[in-house]
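One structure below.
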Amino acid sequence: MTPRLTLSLLGGHDPTEFAVAQWPPGFVVPATCLSGSFFSLTASADELSLVCEAYLLPDMLPADTKHESGWLAFKLHGPFDFALTGILAAVLNPLRDAGVGIFAISTFDTDYVLVKGEQLGTALVALREAGHTIRD
């Protein structure tokens, strides 16, 4: 059985715009980017990825840095036990079926799913039709 979840947009009725950037491995991300209401920094041997509030990013980008703004973030209200299965899929599958692209981030307690701002209406319809509750 697919779980029915409660989600909310970060920033509420005036959703916060986020940006996603990719830097070379080993780059030192400016501390300014690691502030705001939400950020995620992920490092691997191949890249350094940062999600942060879009307004924090433009002046900090080194030349030739890949980045994209215009993302809005849904928070899945947890916490979710690690033994639970299908939590993220319950959100991603309806979005996939509606043609909504995503960027997903997981934390210890919960997950965040980012969608492009221009796809927000489609995402909201798809999530509600799947039985999820969108909290203001």
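The values are calculated or read from the model by the stated rules, or taken from the named source; none is laboratory data. In this text the structure is predicted, and so the values were computed from the model without any measurement. For neighbour counting, all protein chains shown are included, and Cβ atoms are generated from backbone atoms with ideal geometry for every residue, glycine included.
When Thr16 is tested against the conditions (1) modelled with pLDDT of 90 or more; (2) of a type outside the set (Gly, Ala, Ser); (3) part of a strand (DSSP E or B), the lone failure is (3). Given the condition under 22 Å from Glu17 (Cα atoms) and acidic (Asp, Glu), answer yes or no: does some residue in segment 111-124 qualify? Checked segment 111-124: at least one residue is under 22 Å from Glu17 (Cα atoms) and acidic (Asp, Glu). Scanning segment 77-136 for residues that are closer than 21 Å to Val51 by Cα and among the β-branched types (Val, Ile, Thr) turns up Val91, Val100, Ile102, Ile105, Thr107, Thr110, Val113, Val115.
The set of residues from segment 90-116 being modelled with pLDDT of 95 or more and part of a loop (DSSP other than H, G, I, E, B) comprises Ala98, Gly99, Val100, Gly101, Ile102.
So which of Ser69, Ser44, Ser35 is out of contact with any helix residue (DSSP H, G or I) (no Cβ under 9 Å at 6 or more places or on another chain), among the hydroxyl-bearing types (Ser, Thr, Tyr), in contact (Cβ under 8 Å) with a residue 12 or more places away in the chain and over 17 Å from Thr6 (Cα atoms)? Exactly one residue qualifies, and that residue is Ser44.
Please state which one of Phe82, Phe74 is within 27 Å of Ala123 (Cα to Cα), modelled with pLDDT under 90 and not small (Gly, Ala, Ser).
Details: Phe74 fails: modelled with pLDDT under 90.
Result of the check over Phe82, Phe74: Phe82.
May I ask you to say which residue of Thr2, Thr32, Thr65 is under 30 Å from Gly131 (Cα atoms) and surrounded by 11 or more Cβ atoms within 10 Å (Cβ to Cβ)? Selected residue: Thr2, the only one of Thr2, Thr32, Thr65 that is under 30 Å from Gly131 (Cα atoms) and surrounded by 11 or more Cβ atoms within 10 Å (Cβ to Cβ). Being under 23 Å from His132 (Cβ atoms) and either touching a Gly at 6+ places or on another chain (Cβ under 6 Å) or assigned to a helix (DSSP H, G or I) (or both): is that true of Leu7 here? When the stated conditions are applied, Leu7 does not pass them. Taken together, Ala90, Ala45 contain a single residue that is more than 12 Å from the chain's Cα centre (by Cα) and loosely packed, with under 15 Cβ neighbours inside 10 Å, which is Ala45. Number of residues in segment 106-136 that are over 11 Å from Leu7 (Cβ atoms), surrounded by fewer than 18 Cβ atoms within 10 Å (Cβ to Cβ) and either hydroxyl-bearing (Ser, Thr, Tyr) or touching a Leu at 6+ places or on another chain (Cβ under 7 Å) (or both): the value is 5.
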